[in-house]
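Heads up: the structure comes next, in structure tokens.
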């Protein structure tokens, strides 16, 4: 598992350099290790090396790994079906993929049943790609203003995915726009909304994302290698 240790060191060195360009430090950026392609042993080793946050995009795999490693902080980063809400709520520290109103209603309903609050990020389709989930930037205001009707929901920020591109610089405008939206709506006092996080940037473009204000990055192959 020496490679994982080396990979983590290199990753944090680069995070620090990228954060410094935005007058921040490495600890301002939370690393979510995307563990969807790796086994429990690799996750255990990564946890031992100090990374505590792990992300899965399929509910079945998420619940399997939560059962094996309940002391880790688990994130739901993939699209969540409403009929799977009961399998996720209360078991993850953050849902990154709130992308539609009926999912918000389902989360709130289950949270009321379980008597808990649900921390989520609103997924925004900044790029406008039809194949990507997420609400349109122009719909953010109405969505956030309506959350007052869902008292168990806690919207803690935004999430986005830039278009796939070999040149990470091409992702910069999308990350910059999401940060601008966060700044804009953070100035407004909206019920159940505290926009402190920007989940953006993956293995190919995380440095640019950090430079543009990311507080959470979602990286897999940089830690675990190609699987």
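Of the numbered criteria (1) in contact with a helix residue (DSSP H, G or I) (Cβ under 7 Å, 6 or more places away or on another chain); (2) under 21 Å from residue 116 (Cβ atoms); (3) crowded, with 16+ Cβ neighbours inside 10 Å, the one residue 90 fails is (3). If the condition is being in contact with a helix residue (DSSP H, G or I) (Cβ under 6 Å, 6 or more places away or on another chain) and in a loop (DSSP other than H, G, I, E, B), then region 21-50 contributes 21, 22, 25, 29, 35, 38, 49.
Specify the residue that is farthest from the chain's Cα centre (by Cα); the eligible residues are those in region 157-183 that are farther than 20 Å from residue 219 by Cβ and surrounded by 17 or more Cβ atoms within 10 Å (Cβ to Cβ). Among residues in region 157-183 that are farther than 20 Å from residue 219 by Cβ and surrounded by 17 or more Cβ atoms within 10 Å (Cβ to Cβ), the one farthest from the chain's Cα centre (by Cα) is 181.
With respect to the conditions (1) farther than 12 Å from residue 219 by Cβ; (2) more than 17 Å from the chain's Cα centre (by Cα), residue 10 lacks only one, and its number is (1).
Taken together, the values in this text are just the output of simple stated rules run on the coordinates, not laboratory data. Quantities reported herein were computed from a predicted structural model and do not represent experimental measurements. Please note: Cβ atoms are built from the backbone with ideal geometry, for glycine as well, and neighbour counts cover all protein chains shown.
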